[in-house]
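A short reminder: the numbers here are calculations on the coordinates, not readings from a lab. Remember, it's a predicted structure, so these values are computed and weren't measured experimentally. Neighbour counts run over all protein chains shown; Cβ positions are idealised from the backbone, glycine included.
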Amino acid sequence: MQKHLFLGVEAIGQGAIDGGMSGVYAYPGTPSTEITEFIQENPLAKERNIHHAWSSNEKTAMETALGMSYAGKRAMACMKHVGLNVAADVFLNAAMTGINGGLLVAVADDPSMHSSQNEQDSRFYGKFAMVPVLEPSSQQEAYDMVHDGFALSELTKVPVMLRITTRLAHSRSGVDRGEVLPENPLVMPSDPRQFILLPAIARRKYKVLLSNQALFLKLSEESIYNRYEEGTDKSLGIVACGIAYNYLMEHFPVGSCPYPVVKVSQYPIPEKYIKRLDRECDELLILEEGAPMVEEMLKGFFANGTPVKGRLDGTLPRDGELNPDLVAKALGKELFAGFDIPEVVTNRPPALCQGCGHQDAYLAMNEALADYSKGRVFSDIGCYTLGALPPYETIYSCVDMGASITMAKGAADAGLIPSVAMIGDSTFAHSGITGLLDAVNEKSSITVVISDNESVSMTGGQDSSAFGKIESICIGLGVDPAHIHAIVPLRKNHDEMVRLFRQEFAYEGVSVIIPRRECIQRAARRKRNK
Amino acid sequence: MKSDIILAGVGGQGILSIATVLGEAALADNLLIKQAETHGMSQRGGAVYSHMRISDQPIASDLIPGGSADLILAVEPMESLRYLSYLSETGYLVTNVTPFVNIPNYPDIKSVMDEIHKLPRHIAIDAEAIAKEVGSSRASNMVMLGAASPFIDIEFSRIEEGIRTIFARKGEEVVQLNLEALRRGRAFAEENR
């Protein structure tokens, strides 16, 4: 009997604990959040005092993890795909410095954008940084890859990326645990200049990284996660990456696939298997979750070798996640199409919870904005982004973490006065503070609404690193205290809120309004757990 | 043995509590499981679903292929119809009849029920009413699981054990209430199939 019914994210958390990790560093983001939450609740992690507190953003998280690695211990940074954009600077440069203690970077991509603003494929970042990438096809592989991944990082002396997608993150399956490894002792880097990327040193380090590519390839070709599976029908050869392997095997129960298959779960792609497939087969079909990265690599610029089918030639859709049906179609298999969905079925989009403070803030904001032309509210990433939908339709942007304040400033610079930013407390802490400093320095005519529900709510109510500090942060940045107002967003305070908004929209300078009321989901959880 | 089940509902209705009990029962029966859940944005009152696959053979895909689900188990009637493209030619649809209205354009409930009644194999059950008779409307999800249980290839006693395991920390009274809800749901399905 299998011992643990783990979500993919939980398997990663357990694998890290059992693999001798001393600290996890992360900012919440679907579908990666529960990796850290699992570690926060785990008894062994508590007993070992494994670091598990949330970081302010993905960049601080990965830098802190790199610092722990510097000191010789094993660390992991976790984030969603767009979080890696925030941490890209440290990620690429950590490939240059290399690591001391094993360093894993777990990134959860969200193809089909279930809870995200794009579906970028993190494997490109792995290739960009030229580090090994692991892409599990099952929860068991996810566990094993993390458990053994610290050692792989220590062997290759670079950070190792673990790339998963939504389906693996949020799907449960049986997982067997391995041996619980001890943590590393505190050991300083043997080369005191290893982490100093001064140009003269960096040039040398870069040559080391380049020369290590051969090792990374050799490890991929020897990896237990990559293999060549024999097939008798050579009219087609299939490359199946990560979880796409499962969608393929769904149609060929154990051992019945007639075509040769290269299973890829560790990158760089195992060249010797791919070359053999190319030699032996008439056509290639590439199954990969996310962007056609491997497909582009194999197709080449002139596309004059073995025909390559996949997302680029329309065999599979160019965007969106894969599933067993799409793979069946690519294989030319006919399946029963199921019953028709009747027209009576109506869309049911997510919405702000009844009683949520953001609702009151939006109602007051809409009333106060009625005197102005439309299109003045720039928003950010969080529950309040749902203010784009009826009945509010208050906001006009949602781009990346913190962009509300800076875009409002840019629009004000262009002459759109007043411009308004709508940002949550946690997003403000994540990436809003520096933008507000820019606005203060230039006395921009913007009103920043920091809708403070005292938690990171969209991802399940994690602790916000700005809790209890928002006014002092704003004052510290130089916002005039006379133009910082906090108010409780409740129906009974509606008129007062409208008055405040009107007053500050009319002010020519930076003002901050803080509607503050605890997230009702978090409040309910807190009461239940009492 | 293989049971491919689509669980459907609205974020906050707790469909995962059904999945948890079933998962526990399947594990105790030495069966293999894969179960894909919906987390994140949709949990804010949006449509949510879970693909639950139980088998005595290794399961490849985390997602159920279209047109092959043995069962759609829905705790909300309109949501039961949203995933019909997954239902196999011989599959059952088991749904609660109480609409969860959190959108302004929720269709006329009669037109929803008409569509459900068009299906060759379905059970429509008032889970809230039965749960209230048993003692708490919060047990309605276990009524639903009971109503679906005749169509899932797991020993009924294993599902009962699953309930005991999952609700144990809430006390014997809660366990008994949920067990009764389960049995009443099953009885309804057997009388009305």
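Add +1 for every Lys or Arg and -1 for every Asp or Glu among the other residues with Cβ under 14 Å from the Cβ of A:ALA240, and state the total. Intermediate values should be presented prior to the final figure.
Values: positive: A:ARG227, A:LYS263, A:LYS309, A:ARG311; negative: A:GLU135, A:GLU141, A:GLU229, A:GLU250, A:GLU288, A:GLU289, A:GLU295.
Net charge in that neighbourhood comes out at -3.
How high is the relative contact order of the range A:357-526? Use alpha-carbon pairs under 8 Å, at least six apart in sequence, and give a whole percent. Could you put the intermediate results ahead of the total?
Details: 344 pairs, mean separation 44.3, N = 170.
Computed value for the range A:357-526: 26 percent relative contact order.
Taking chain B as a Gaussian network, where each spring joins two C-alpha atoms under 10 Å apart, which residue of B:GLY135, B:GLY40, B:GLY162 fluctuates the most?
Taking springs between Cα atoms under 10 Å, the residue moving most is B:GLY40.
Taking B:LYS110 as the anchor, which lysines have their alpha carbon closer than 23 Å to its alpha carbon, excluding any fewer than eight residues away along the same chain?
The qualifying lysines are B:LYS118.
Could you order the peptides A:162-175, A:393-406 from most to least packed, using the average number of other C-beta atoms within 10 Å per residue?
Numbers: A:162-175: 26.4, A:393-406: 21.6.
Descending packing order for the listed peptides: A:162-175, A:393-406.
Which whole number gives the average count of other chain Cβ atoms within 10 Å of the Cβ atoms across peptide A:350-356? Walk me through the numbers on the way to the answer.
Numbers: counts 11, 6, 2, 5, 2, 0, 1.
What the average comes to for A:350-356 is 4.
For the range A:218-230, take each phi angle, set θ = phi - 60°, evaluate the Karplus expression 6.51 cos²θ - 1.76 cosθ + 1.60, and give the result in whole Hz per residue in order, putting x for glycine and proline.
The phi angles translate into 4, 5, 5, 6, 9, 5, 5, 8, 10, 7, 9, 9, 5 Hz.
Using θ = phi - 60° and the Karplus relation 6.51 cos²θ - 1.76 cosθ + 1.60, list the HN-Hα couplings for the range A:54-70 in order, rounded to whole Hz, with x at every Gly or Pro.
5, 8, 5, 7, 5, 5, 5, 4, 5, 5, 5, 4, 5, x, 5, 5, 3
Around B:GLU79, with a cut-off of 13 angstrom between Cβ atoms, what is the net charge of the other residues, counting Lys and Arg +1 and Asp and Glu -1? All intermediate terms of the calculation are to be shown ahead of the outcome.
On the way: positive: A:ARG348, B:ARG82; negative: B:GLU76, B:GLU115.
That sum, taken over residues with Cβ under 13 Å, equals 0.
Give the relative contact order (percent, whole number) for chain A; include only Cα pairs under 8 Å separated by 6+ residues. Intermediate results must be reported in sequence, preceding the final value.
Details: 1110 pairs, mean separation 60.8, N = 530.
Over chain A, the number comes to 11 percent.
Under 5 Å between amide hydrogens, which residues at least 5 positions from A:ILE99 or on another chain qualify, with H placed 1.01 Å from N in the peptide plane?
A:VAL158
List the lysines whose alpha-carbon lies under 19 Å from that of A:LYS374, not counting same-chain residues fewer than 8 positions away?
Partners within reach: A:LYS409.
Using the Cβ atoms and a cut-off under 11 Å, what net charge is assigned to the surroundings of A:HIS81, where Lys and Arg are +1 and Asp and Glu are -1?
Values: positive: A:LYS80, A:ARG123, A:ARG163; negative: A:GLU58, A:ASP109, A:ASP110, A:GLU119, A:ASP121.
Taking every Cβ under 11 Å from that of A:HIS81, the sum is -2.
What list of ³J(HN,Hα) values in whole Hz, one per residue of the range A:15-28 in order, does the Karplus curve 6.51 cos²θ - 1.76 cosθ + 1.60 (θ = phi - 60°) give from phi, with Gly and Pro shown as x?
For the range A:15-28, the Karplus curve yields x, 5, 5, 5, x, x, 6, 9, x, 10, 10, 7, 10, x Hz.
On C-alpha positions alone, give me the angle between the axis of helix A:199-211 and the longest principal axis of chain A, in degrees, nearest 10.
For A:199-211 against chain A, the angle is about 40 degrees.
What shape does the range A:227-330 have by the C-alpha gyration tensor, where a ≥ b ≥ c are the square roots of the eigenvalues, rounded means a/c under 1.5, and otherwise prolate means a/b greater than b/c and oblate the rest?
Working: a/c = 1.37, a/b = 1.04, b/c = 1.32.
Here the range A:227-330 falls in the rounded category.
Please label the shape of the protein assembly as shown as rounded, prolate or oblate, based on the square roots a ≥ b ≥ c of the eigenvalues of the alpha-carbon gyration tensor (a/c under 1.5 means rounded; beyond that, a/b larger than b/c means prolate, else oblate).
Details: a/c = 1.58, a/b = 1.04, b/c = 1.52.
Oblate, since a/c reaches 1.5 and b/c is not below a/b.
Restricting to Cα atoms and excluding each atom paired with itself, what does the Kirkwood estimate give for chain B in Å?
Values: mean 1/r = 0.0605 Å⁻¹.
Hydrodynamic radius (Kirkwood, Cα only) of chain B equals 16.5 Å.
Under 5 Å between amide H atoms, partner at least 5 residues away or on a different chain: which partners does A:ILE487 have, H built in plane at 1.01 Å?
A:ILE514, A:ARG516
In the structure shown, do any of A:LYS80/B:LYS34; A:LYS530/B:LYS170; A:LYS3/B:LYS2; A:LYS218/A:LYS263; A:LYS3/A:LYS329; B:LYS132/B:LYS170 have a Cα-Cα gap over 25 Å, and if so which?
Details: A:LYS80/B:LYS34 23 Å; A:LYS530/B:LYS170 14 Å; A:LYS3/B:LYS2 20 Å; A:LYS218/A:LYS263 16 Å; A:LYS3/A:LYS329 36 Å; B:LYS132/B:LYS170 19 Å.
Those over the limit are A:LYS3/A:LYS329.
Once a ≥ b ≥ c are taken as the square roots of the eigenvalues of the Cα gyration tensor of the range A:324-474, is the result rounded (a/c under 1.5), prolate (a/b larger than b/c) or oblate (a/b not larger than b/c)?
Details: a/c = 2.13, a/b = 1.95, b/c = 1.09.
In terms of gyration-tensor shape, prolate.
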